[in-house]
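**Q** Following this message is one structure expressed as structure tokens.
Every number in this text was worked out from the coordinates using simple rules, so none of it is lab data. Here the structure is a predicted model, which is why all the values come from computation and not from measurement. Using ideal geometry, Cβ is built from the backbone for each residue, glycine included, and neighbour counts are taken over all protein chains shown.
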Amino acid sequence: MSRRGRSPLPSSDRPADALSAWIRDHARPLRTLDPDDVDDSDLEPLLEIVGDARVVALGESMHRVHEFFALRDRMFRFLHRRAGFTAFVTESGLPEGRHVDDWIRTGRGGLRDALRDGVSYRFGACQEMLDQLTWMRERAATARSIPRWCGMDLPDSSASALPGVQAALELLDVVDAHYAAHVRATLLPRFGYLPADRTGLAQAAPTIQAYLALPAAERAALTVGIADLAARIRARRREQVAALGGGAEAEARVDFAIHAAESARAADAFLQAMTAGPTRTWPAANIRDAWMADAVEGILQREPRILVTAANGHVQRTAFSAPPFVPDPMTTMGGHLADRLGGDLVVIGTLFGGGEQWLHRPAPADPPGHSRPFVSALAPLDPASLDAAVERSGIGDAIVDLRSAPPTVSAALDATTGWHNGDVVQPGRARDAFDAVAFVRSVSPWQTWIDERGLDRR
């Protein structure tokens, strides 16, 4: 029969349609994303996906999305109750996280203060995070296993080392008052360059710019002071634990201060890398992801199993690039953890079918650091993306284990262009980046308290 006379192939015989058909047949539907729903039977397949892994890394296609916040909250509650996961670890400053964790464990202080002071990038300014922390506090008060909340990122929204220095000083004031006084007299005044107004949504930008404007000698003096602090507090761990009376609680307090000081040193290296000129973001991004992997390993020293949440571009195992800001492929946090943890790591990316996103941009008349939020419809999906392939399958919210794909489907998976990061496609092979993907059919903005001028009005 001539080519013109042939009947068209059945849809299931075309690679793209075969992929969508396999997804439709093998997806594990999510009945709801509501964390407060008491029926979590639809999450049972997650136990098989996770297996015995100590770390589950859950990505986000974009930040400040109601459904992604709800999904990670629901998933953590399930894994905490059913699989012995003890800590929720997220893309927020490590030293600041103590405010949140202290409130969960003790109830001291105000929840909204913890959300404001303990969560970087203004990610705490939403009802979704308040609801999650409220549940964690209630769980801590009634359950045998207390859930922990941990930041793993650089301090001060990756804009300065100051919170790491301050957290270390809280210990040194008790165990080494002489050295603490020295740090307060010689190092803290060097942070006087920080802008006075840091109330805006985009305060990190002018904060970094203020650092870049410092004379080279002043930046070098900051580096020396921070490095001395980090080395000194680590070298005297034994003496510091003894000064607190010894025991597990003393060790945990000292180790947190050590990690806080190391976060300050990593933040300083990150900022130093930002002085490199047109390609400055690339080495800085590498430093940030390497630090987050180190932080996760540090948390694993005391927590048996943890859920890590961050952008897809951080959790994916494969290299990440985003020209022109990150022009060369960089090793992600997920890549570092994959090398170090092997089978103890499971990575779940997120995909979406459409909806709206929450964005922000500065207005000409606004002061530095202030950026006004707005809601924008997401652009149509790239038809060759994995998101589009899943959307064409017709499923609703669901989880898909990519590891179970047969060879023919695997080839079709590898032929997709990548996965969406908002309106932009991140190129890559999904099977190399993720073990599974969670698909949300329609996304919507978070429920925030940030007003039209970009200010947190809690």
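**Q** Please find, among A266, A243, A204, A210, the residue that is farther than 30 Å from A363 by Cβ and either within 23 Å of the chain's Cα centre (by Cα) or free of Cβ contacts under 8 Å to residues at least 60 places away in the same chain (or both).
**A** Result: A266 is the single residue among A266, A243, A204, A210 that is farther than 30 Å from A363 by Cβ and either within 23 Å of the chain's Cα centre (by Cα) or free of Cβ contacts under 8 Å to residues at least 60 places away in the same chain (or both).
**Q** Mind checking which residues of segment 137-168 are part of a helix (DSSP H, G or I), buried (at least 23 other Cβ atoms within 10 Å of the Cβ) and not hydroxyl-bearing (S, T, Y)?
**A** P155, D156, P163, G164, V165, A167, A168
**Q** May I pose another question? Given the residues V224, V241, V254, which is the only one that is part of a helix (DSSP H, G or I), surrounded by fewer than 18 Cβ atoms within 10 Å (Cβ to Cβ) and among the β-branched types (V, I, T)? Give the steps one after another, and end with the answer.
**A** Numbers: V241 fails: surrounded by fewer than 18 Cβ atoms within 10 Å (Cβ to Cβ); V254 fails: surrounded by fewer than 18 Cβ atoms within 10 Å (Cβ to Cβ).
From the options V224, V241, V254, the qualifying one is V224.
**Q** Hey, another quick one. Show me the helices (runs of 4 or more DSSP H) entirely contained within segment 275-348 in which 1 or more residues are under 18 Å from the mean Cα position of the chain (by Cα) and polar (S, T, N, Q). Write out each step before concluding.
**A** On the way: elements: 281-300, 312-315, 333-341.
The qualifying helices (runs of 4 or more DSSP H) are 281-300, 312-315.
**Q** May I ask you to verify whether G418 is surrounded by 18 or more Cβ atoms within 10 Å (Cβ to Cβ), touching a residue at least 12 places away in the same chain (Cβ under 8 Å) and among the small types (G, A, S)? Steps first, answer last, please.
**A** Details: surrounded by 18 or more Cβ atoms within 10 Å (Cβ to Cβ): yes; touching a residue at least 12 places away in the same chain (Cβ under 8 Å): yes; among the small types (G, A, S): yes.
Here the answer is yes, as G418 does meet what is asked.
**Q** If the requirement is being among the basic types (K, R), without any contact (Cβ under 8 Å) to a residue 40 or more places away in the chain and more than 30 Å from G110 (Cα to Cα), which of these qualifies: R441, R457, R431, R392? Steps first, answer last, please.
**A** Working: R441 fails: without any contact (Cβ under 8 Å) to a residue 40 or more places away in the chain; R457 fails: more than 30 Å from G110 (Cα to Cα); R392 fails: without any contact (Cβ under 8 Å) to a residue 40 or more places away in the chain.
That would be R431, the only listed residue that is among the basic types (K, R), without any contact (Cβ under 8 Å) to a residue 40 or more places away in the chain and more than 30 Å from G110 (Cα to Cα).
**Q** Check off (1) more than 16 Å from F439 (Cβ to Cβ); (2) surrounded by fewer than 19 Cβ atoms within 10 Å (Cβ to Cβ); (3) of a type in the set (S, T, Y) for S404 and give me the number that stays unchecked.
**A** S404 satisfies every listed condition except (1).
**Q** Filter segment 385-396 down to the residues that are touching a helix residue (DSSP H, G or I) at 6+ places or on another chain (Cβ under 8 Å) and either within 23 Å of I49 (Cα to Cα) or surrounded by fewer than 18 Cβ atoms within 10 Å (Cβ to Cβ) (or both) and list them by number. Working first, answer last.
**A** Keep residues of segment 385-396 that are touching a helix residue (DSSP H, G or I) at 6+ places or on another chain (Cβ under 8 Å), which gives 386, 389-390, 392-395.
Result: L386, A389, V390, S393, G394, I395.
**Q** Is one or more of the residues making up segment 352-375 in contact with a strand residue (DSSP E or B) (Cβ under 9 Å, 6 or more places away or on another chain), surrounded by fewer than 15 Cβ atoms within 10 Å (Cβ to Cβ), part of a strand (DSSP E or B) and in contact (Cβ under 8 Å) with a residue 40 or more places away in the chain?
**A** Yes, there is a match, as at least one residue in segment 352-375 is in contact with a strand residue (DSSP E or B) (Cβ under 9 Å, 6 or more places away or on another chain), surrounded by fewer than 15 Cβ atoms within 10 Å (Cβ to Cβ), part of a strand (DSSP E or B) and in contact (Cβ under 8 Å) with a residue 40 or more places away in the chain.
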